[in-house]
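Peer 1: Quick one: structure below, then a few questions.
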Amino acid sequence: MKSSGSAFRNVLPAVPSSGRRSALFALAAGSAGAVLGSAVHAQGAARPPEAARDAVVIRFDSSPYVPTPQKVVDEMLRMGRVGAKDFIVDLGSGDGRIIITAAQRLSARGFGVDLDPELVRQANALAKQEGVADRVEFFQRDIFKTDLTKADVVTMYLLPEVNMMARPKLLAELRPGARVVTHDYHFEDWLPDERITLDVPEKKVGTPGLAYVYLWIVPGQGAGRWQGKMPVAGGQVLPVEFNLEQRFQIMTGSVSVGGKPAKLVFAEMIGNDLSVIFSTEVGGRQVRHELLATTRGDAATGTVRAGNETPAPLLQGQAVLSRTARRAAYLGEAVPSK
Ligand SMILES: C[S@@+](CC[C@H](N)C(=O)[O-])C[C@H]1O[C@@H](n2cnc3c(N)ncnc32)[C@H](O)[C@@H]1O
């Protein structure tokens with residue numbers, strides 16, 4: 001499952017400014033006062049006057065209710081490759097539309113959590129009305145107290161700060177290969193594996209008229225020294241060694257072929273799949289090699305293709321590697337201890 005990631009890595013919109021956040025809050029204040037009326041936790045903010053204290057909410061671990069337009073819901077599910085075998089969790093599920101659509105149209109199972117009891121009630125009623133209450137359920141629960149270990153796909157439409165607070169939890173609890181799909185906001189230096197922009201004329205919040213949808217595939221741990229043998233252009237089977245560091249899904253480091261340094265062009269971990277592009281000199285010219293291998297612990301098996309011309313490769317063969325030294329991958333800050 002290779003992504004189109006690198007093409008857009010440098011064109012992420014900035015994490016929305018406080019202006020954009022204000023727009024979301026303003027809309028919520030007008031259309032969904034429930035969230036804005038439930039508690040006050042404005043860390044470091046000036047204390048509001050007594051009368052206003054219960055009416056103003058700024059919870060830094062929460063986001064107001066703004067529903068995702070159906071067109072964006074459909075795209076989120078498409079990008080998350082949601083199917084009948086998947087268990088999907090929506091963090092901050094509102095009226096339940098993402099999970100209910102996944103069950104109705106794609107036969108997925110799952111649950112949603114929301115702080116707002118009225119939205120949870122509505123979502124469960126809608127699930128019943130739509131005939132999917134046997135496959136989905138909604139709970140009044142904080143996303144930070146929600147077990148994500150069962151999820152194949154997690155969806156989120158939350159404020160940028162809340163995404164960042166949830167990031168360590170997602171990386172700690174989700175299995176490699178699980179997908180995270182967000183509407184509008186991203187995870188800063190954990191770059192998405194895919195991203196699209198949709199025209200949504202009726203959308204009035206965020207960037208009016210536009211919706212950003214992002215996909216991440218939780219990376220497995222691929223860092224370390226991998227050694228083995230593989231065929232290279234020219235037909236020889238040579239010893240290869242990759243020394244790889246890992247930052248989220250991106251790998252950097254060095255490669256040698258037949259004991260000589262080669263050029264590491266690109267490497268990444270998509271779930272448990274290690275993909276490495278390198279070039280090595282064969283017959284006086286640099287030839288591109290692409291390794292695609294599935295890792296299982298310290299073993300990796302896959303295929304290598306060599307050749308500068310597509311579609312016909314010069315060579316295609318089996319690659320078998322083993323990790324002789326592990327290194328810890330950097331997957332962001334750890335989950336804060338409770
Ligand atoms: C922008 S709405 C998105 C609703 C729905 N996911 C959708 O896309 O239509 C965000 C929702 O997250 C809920 N929420 C915010 N912070 C939360 C938290 N810490 N735990 C659970 N729910 C939360 C809010 O009550 C709100 O309904």
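The values are calculated or read from the model by the stated rules, or taken from the named source; none is laboratory data. Note that the structure is predicted; figures quoted are calculated from it, not measured. In this analysis, Cβ positions are derived from the backbone assuming ideal geometry, glycine residues included, and neighbour counts consider all displayed protein chains.
Peer 1: Within region 72-82, is even one residue assigned to a strand (DSSP E or B), closer than 14 Å to Thr155 by Cβ and within 13 Å of the ligand (Cβ to nearest atom)? Break it down into steps so the answer makes sense when it comes.
Peer 2: As a first pass, look at region 72-82 and keep what is assigned to a strand (DSSP E or B): none.
Within region 72-82 (the criterion being assigned to a strand (DSSP E or B), closer than 14 Å to Thr155 by Cβ and within 13 Å of the ligand (Cβ to nearest atom)), the answer is no, since none of the residues qualifies.
Peer 1: Looking at (1) farther than 24 Å from Ala84 by Cβ; (2) over 14 Å from the mean Cα position of the chain (by Cα), which one does Pro168 not meet, given that it meets all the others?
Peer 2: (2)
Peer 1: Identify the residue in region 137-164 that is assigned to a helix (DSSP H, G or I) and buried (at least 20 other Cβ atoms within 10 Å of the Cβ) and, among all such residues, is farthest from the chain's Cα centre (by Cα). Walk me through how you get there before you give the answer.
Peer 2: Of region 137-164, the ones assigned to a helix (DSSP H, G or I) are 143-145, 160-164.
Next, from what is left, pick out any that are buried (at least 20 other Cβ atoms within 10 Å of the Cβ): 143, 160, 162-163.
Details: Ile143: 16, Pro160: 14, Val162: 15, Asn163: 11 Å.
Looking at the filtered set, the residue picked out is Ile143.
Peer 1: Taking region 282-291 as the search range and keeping residues that are free of Cβ contacts under 8 Å to residues at least 40 places away in the same chain and surrounded by 17 or more Cβ atoms within 10 Å (Cβ to Cβ), which one is nearest to Phe242 (Cα to Cα)?
Peer 2: To start, the set of residues in region 282-291 that are free of Cβ contacts under 8 Å to residues at least 40 places away in the same chain comprises 284-286, 288, 290.
Still in the running and surrounded by 17 or more Cβ atoms within 10 Å (Cβ to Cβ): 288, 290.
Numbers: Arg288: 15, Glu290: 13 Å.
Applying the filter and picking the extreme gives Glu290.
Peer 1: Of Val120, Val180, which residue is touching a helix residue (DSSP H, G or I) at 6+ places or on another chain (Cβ under 8 Å) and β-branched (Val, Ile, Thr)?
Peer 2: Working: Val120 fails: touching a helix residue (DSSP H, G or I) at 6+ places or on another chain (Cβ under 8 Å).
Being touching a helix residue (DSSP H, G or I) at 6+ places or on another chain (Cβ under 8 Å) and β-branched (Val, Ile, Thr) holds for just one of Val120, Val180, which is Val180.
Peer 1: Are any residues in region 88-115 over 15 Å from Val181 (Cα atoms), near the ligand (Cβ under 8 Å from one of its atoms) and not in a loop (DSSP other than H, G, I, E, B), and if so, which ones?
Peer 2: If the condition is that a residue be over 15 Å from Val181 (Cα atoms), near the ligand (Cβ under 8 Å from one of its atoms) and not in a loop (DSSP other than H, G, I, E, B), then Val113, Asp114 are the ones that fit.
Peer 1: Return the only residue of Arg175, Arg167 being charged (D, E, K, R), surrounded by fewer than 23 Cβ atoms within 10 Å (Cβ to Cβ) and either at positive phi or not in a loop (DSSP other than H, G, I, E, B) (or both).
Peer 2: Numbers: Arg175 fails: either at positive phi or not in a loop (DSSP other than H, G, I, E, B) (or both).
Every option except Arg167 fails the conditions.
Peer 1: Next question, about the same structure. So, Val237, is that one modelled with pLDDT under 95 and surrounded by fewer than 17 Cβ atoms within 10 Å (Cβ to Cβ) or not? Give the derivation first.
Peer 2: Details: modelled with pLDDT under 95: yes; surrounded by fewer than 17 Cβ atoms within 10 Å (Cβ to Cβ): yes.
Answer is yes for this residue.
Peer 1: Then there is this: Within region 146-158, does at least one residue satisfy the condition of being hydrophobic (A, V, I, L, M, F, W, C), near the ligand (Cβ under 9 Å from one of its atoms) and under 19 Å from Val335 (Cα atoms)?
Peer 2: Taking region 146-158 and keeping what is hydrophobic (A, V, I, L, M, F, W, C), we get 148, 151, 153-154, 156, 158.
Within this subset, residues satisfying the condition of being near the ligand (Cβ under 9 Å from one of its atoms) are 156, 158.
Within this subset, residues satisfying the condition of being under 19 Å from Val335 (Cα atoms) are 156, 158.
Within region 146-158 (the criterion being hydrophobic (A, V, I, L, M, F, W, C), near the ligand (Cβ under 9 Å from one of its atoms) and under 19 Å from Val335 (Cα atoms)), the answer is yes, since at least one residue qualifies.
Peer 1: What residue, of Ala306, Ala299, Ala262, is modelled with pLDDT of 95 or more, surrounded by 16 or more Cβ atoms within 10 Å (Cβ to Cβ) and not hydroxyl-bearing (Ser, Thr, Tyr)?
Peer 2: Ala262
Peer 1: Among the strands (runs of 3 or more DSSP E) lying completely within region 202-308, list those that include at least 3 residues that are under 24 Å from Leu170 (Cα atoms) and under 31 Å from the mean Cα position of the chain (by Cα).
Peer 2: Working: elements: 210-217, 224-231, 237-247, 250-257, 260-270, 273-282, 285-296, 299-306.
Qualifying strands (runs of 3 or more DSSP E): 210-217, 237-247, 250-257, 260-270, 273-282, 285-296.
Peer 1: Just the residues that are surrounded by 14 or more Cβ atoms within 10 Å (Cβ to Cβ), closer than 18 Å to Thr146 by Cα and within 12 Å of the ligand (Cβ to nearest atom), please, taken from region 116-133.
Peer 2: Within region 116-133, Asp116, Leu119, Val120, Ala123 qualify.
Peer 1: Please verify whether region 311-334 includes one or more residues that are free of Cβ contacts under 8 Å to residues at least 60 places away in the same chain and within 29 Å of the chain's Cα centre (by Cα).
Peer 2: Within region 311-334, none of the residues are free of Cβ contacts under 8 Å to residues at least 60 places away in the same chain and within 29 Å of the chain's Cα centre (by Cα).
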